[in-house]
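Colleague: Next up is a structure, given as C-alpha cells.
Computed from the coordinates by the stated procedures, all read-outs in this text should not be read as laboratory data. Just so you know, these numbers come straight off a predicted model, no measurement behind them. Cβ placement follows ideal geometry from the backbone for every residue including glycine, while neighbour counts extend to all protein chains displayed.
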Amino acid sequence: MNPYVPDIDKCDCTVIHEDVVEEVRRRLPDEEDLLDLADLFKVFGDSTRVKILCALWESELCVCDIAALLGMTKSAISHQLRILKQSKLIKNRRDGKVVYYSLDDDHVKNIFSQGLTHISER
C-alpha cells in the first residue's frame, strides 16, 4: 500500500504554460466589464431581491402586492426595487396611480433559470 496519497486539489507544478496564459489573457473581458459583472452578481446575493425577482417572474406586481406577498413594508420593498432597477433587472410602468414592476427582459429570466438549474444539479 502506498502511504503517499496525492492531493488532487493541489498543483505541484512550477511550470507556467505561457501560451495558454496569453491566450486566456487576450480573451478576458475588460476590467471594467468584470467589475460590472461582479456588481450584478452582488445584487443576486440578497434573498429578498431574489424573492422579488421570483415573484416578478410569475407576474407583473405593484409595491403593495410584493410587500403583501413577502410580508414586508412597502418602504423595504421600494428600497430593494430601486437596487434591482439600477441594475437593469426590472422595469416599471405607471397605470394611473399604480406603478407596476416586471422583469426587464428575457436576459433576466435566462440568468435566473441558469442559476436554478445549477443549484438543482447537486
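Colleague: Mean Kyte-Doolittle of at least -1.0 plus a Cα span of 15 Å or more along the axis: flag which DSSP H helices in the chain meet both, please.
Modeller: On the way: long enough: 31-43 (19 Å, 0.20); 47-58 (17 Å, 0.52); 74-86 (18 Å, -0.44); 106-119 (20 Å, -0.21).
Passing helices, by number: 31-43, 47-58, 74-86, 106-119.
Colleague: Checking the cross-link filter: which aspartates and glutamates have an alpha carbon closer than 14 Å to that of Lys91, excluding same-chain neighbours under 8 positions apart?
Modeller: Glu60, Asp104, Asp105, Asp106
Colleague: Could I have the simple spin-label model distance between Asp36 and Cys13, label points 7 Å from Cα toward Cβ, reported in nm to one decimal?
Modeller: 3.3 nm
Colleague: Report, in deg cm²/dmol and to the nearest 500, the calculated mean residue ellipticity at 222 nm for the chain, where each DSSP H run with n ≥ 4 adds -39500 (n - 2.57) and the sum is divided by the residue count.
Modeller: Details: 6 runs with 70 residues, N = 122.
Result for the chain, helices only: -17500 deg cm²/dmol.
Colleague: Which one, (i) 72, 40, 23; (ii) 44, 28, 22; (iii) 60, 28, 26, gives Cα extents along the principal axes in Å as derived from the coordinates shown?
Modeller: Comparing each candidate, only (i) matches the computed number.
Colleague: Please get the size of the charge dipole for the stretch 18-119, origin at its Cα centre, with Cβ charges of +1 on Lys and Arg and -1 on Asp and Glu, quoted in debye to the nearest 20.
Modeller: 860 debye
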